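Here is the structure we will look at.
Please treat every number below as a calculation from the coordinates, not as lab data. As the structure is a computational prediction, the values presented were derived from the model and not from experiment. Here the Cβ positions follow ideal geometry from the backbone for every residue, glycine too, while neighbour counts run over all protein chains shown.
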Amino acid sequence: MYYMPNEPQSMNSTSGSRFVQEKLCETKYFEMFFDELKEQVAELMMDNFGHYAVEALFNHCNDEERTILMANLRDDMDTVACHKQGSFSIQAMMDTFTYPETKFIYKAIIQYSLELATDHYGLRVLKDVVEQSQTQVPSQELLAVFMSIVKHTNPLVENQYGNYIVQHLLDVAPREVTDIIKEKMHGKFVRYSKQKFSSNVVEKCLRHSDLEMKAGVANKDWRRIIIKELLNKVGDLISDKYANYCLQTALQTASSDPLLLSEFYQTTKPHLENLVSISTYTYTHIYIFLSFSIHFCVYVCTLYSCNVRCMFILFDLFFFFFLDMVREKM
């Protein structure tokens, strides 16, 4: 019998991995490779070449052997899912096998939902699990996956990756789950609207709540609740680089409720007039400043035969002077 020493190490190459894949088809080699590789599943799934052999191994296993491999992978699921190659391997398993064969993956998701949701590659696995669970998983198991994510709503909405899974749940999760998301964000919508990542979730909540109200399926008028919370601090939000988009979305969603729209207009009108005044002042003076400073710098440099660097230094001095003027006016 041919024996290939140190299979896990030999599969760190294209030829070694291909050799194992070919030999797995032969019964006399399968048991040998299975015994050698079953303890190395997690490590090999994260290898650029080894993952092909592991995927082939899974495909040639019977139910009992597959259960052994999955049991050996279970404790390292979070590490594998958050690895570039490992995440693709798990997604491939999700596509190849169906529930309940993949039940261990759902259990791992429930246990490590925060770690996966806040990782670039882990997020892919998490979204894939949520998508596939819509059709494959019993409702109670699916609800457990959703709840494991929404319990971390607050840290997730502020995370560069986590905010995407919260937005995704607002699209696919039942109302009992989406209401929990909004309840957890309630009282913090102003803060969230002023941050880069969480402001996207605030806008999503507004649109989702608007659709619920129009469909007549809302348990609570979250559209009004969120908009009124934002209006309480409209003076701070209207000129904020992220929050102003949330206010624009709030205006769009308020347009279907005449009373809410009127309240929105009355609350924002004084701040809009002030904003227009400041903007007119700012843009007019920017034009005057740029026109004057460029001509002056060119004139000075020409007069004294200065180089381009000197011209930029002069321009910087004028720019800082101009900023001080604007700050005093505002």
Query raised in the report: Stretch residue 232-residue 176 to full length: gain in nm at 0.36 nm per residue minus the Cα-Cα span?
Result: 17.4 nm
Report task. Divide the volume of the convex hull of the Cα atoms of region 187-231 by its number of residues and quote the answer in cubic angstrom per residue. Result -> 58 Å³
Query raised in the report: Let a ≥ b ≥ c be the square roots of the eigenvalues of the Cα gyration tensor of region 120-246; is it rounded (a/c under 1.5), or, if not, prolate (a/b larger than b/c) or oblate?
Result: oblate
Query raised in the report: Under a plain spin-label model, where a point goes 7 Å from the Cα along Cα-to-Cβ, how far apart in nm are residue 59 and residue 252?
Result: 4.5 nm
Requested in this report: Filter the cross-link list 182/228; 214/241; 103/127; 107/127 down to pairs whose alpha-carbon distance in this structure exceeds 18 Å.
Outcome: 214/241
Query raised in the report: In nanometres, what is the gap between the two model label sites at residue 271 and residue 38, each 7 Å from Cα along Cα-to-Cβ?
Result: 6.4 nm
Requested in this report: Assign one of three labels to region 73-174, namely rounded, prolate or oblate, based on the Cα gyration tensor with a ≥ b ≥ c the square roots of its eigenvalues; rounded applies when a/c is under 1.5, prolate when it is not and a/b is larger than b/c, and oblate otherwise.
Outcome: oblate
Report task. Quick one: order 63, 221 by neighbouring beta-carbon count within 10 Å, fewest to most. Result -> 63, 221
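Work out the FRET efficiency for residue 67 and residue 135 from their Cβ-Cβ distance, taking R0 = 22 Å, and round it to the nearest 0.05.
Once the sixth-power term is evaluated, E becomes 0.40.
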